[in-house]
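Following: one structure in structure tokens, then a few remarks.
The values are calculated or read from the model by the stated rules, or taken from the named source; none is laboratory data. The model shown is predicted, which means the values in this text are computed figures rather than measured ones. Cβ atoms come from the backbone with ideal geometry, glycine included; neighbour counts cover every protein chain shown. Ligands, DNA and RNA are stripped out before the accessible areas are found, and what is left, the full protein with its side chains, is counted by its heavy atoms. Shrake-Rupley method; radii C 1.70, N 1.55, O 1.52, S 1.80 Å.
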Amino acid sequence: MLQGTFDIFTLPELLGMLAGSSKTGTLVLERGSAAGRVHLRDGLCCGVEPGETPGDETGLAELLAALCFDLLREHDGTFEFESVDPPDSAVLITIDESLAEAARRLEEWHEVCTLVPSLEVCPRLADEIAGERITLSATEWAFAVGLDGRATVRELVDLRCQSLLDVCREIAALVERGAVR
């Protein structure tokens with residue numbers, strides 16, 4: 001069994017080490033409000049929890065990228081690797097592309113946070129626009145008018161059944177254009 005904290009290894013280092021040494025088992029990860037499991041077979045990812053393992057490589061890569069993004073956003077945390085047989089899966093992927101996608105999302109997250117500084121803020125439609133006009137798509141307009149200043153960003157994520165990054169990305173775009181404050 002391998003266990004420790006993320007001040008010993010970063011998540012990419014840890015996953016890279018397990019993949020590079022062709023390990024089989026389950027990596028249990030906890031970091032702030034993010035937690036999950038990555039199942040490995042011979043150094044390849046064969047499942048991710050939470051989530052139902054999809055039947056194709058693209059779906060599994062997305063689950064792994066989403067979990068890694070959630071974990072990378074948090075500070076402090078622990079890991080534990082158990083050499084156990086992972087759940088059966090016909091799908092196996094390398095971890096490299098998912099880690100790269102998680103890093104790309106983290107970079108975008110830092111940019112979004114300049115416009116959406118907290119998950120506890122309550123965005124609302126702007127009383128006035130700064131310029132002469134703003135053009136919004138029907139989807140953007142429906143989202144913007146639903147922002148009444150009562151729901152926090154965190155609550156909006158739950159209400160919309162979208163990822164945190166997707167909701168914050170939408171809010172940031174509307175803030176940047178002056179439609180939402």
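Things worth noting here:
- Computed E for Arg181/His110 - FRET, C-beta separation, R0 30 angstrom, nearest 0.05: 0.90
- Between Glu52 and Ala100, the contour length at 0.36 nm per residue exceeds the alpha carbon distance by 15.1 nm.
- Of the residues Arg73, Arg154, the one with the largest accessible area comes first in the ranking Arg154, Arg73, computed with a 1.4 Å probe on protein heavy atoms.
- Between region 72-125 and region 1-66, the alpha-carbon center distance in angstrom: 11
- Å³ per residue enclosed by the Cα convex hull of region 1-63: 88
- Convex hull projection area averaged over all views, the chain, Cα basis, nm²: 11.2
- Between Asp88, Asp70, Asp166, the Gaussian network model of the chain with springs among Cα atoms under 10 angstrom shows the greatest mean-square fluctuation at Asp88.
- Across the protein chains, with a 1.4 Å probe defining accessible surface, the residues Asp56, Asp76 rank Asp76, Asp56 from largest area downward.
- Among Glu80, Glu132, Glu13: highest mean-square fluctuation, GNM of the chain, C-alpha pairs under 10 Å: Glu132
- The mean accessible area for residues of the chain, using a 1.4 Å probe and ignoring ligands and nucleic acids, is 56 Å² per residue.
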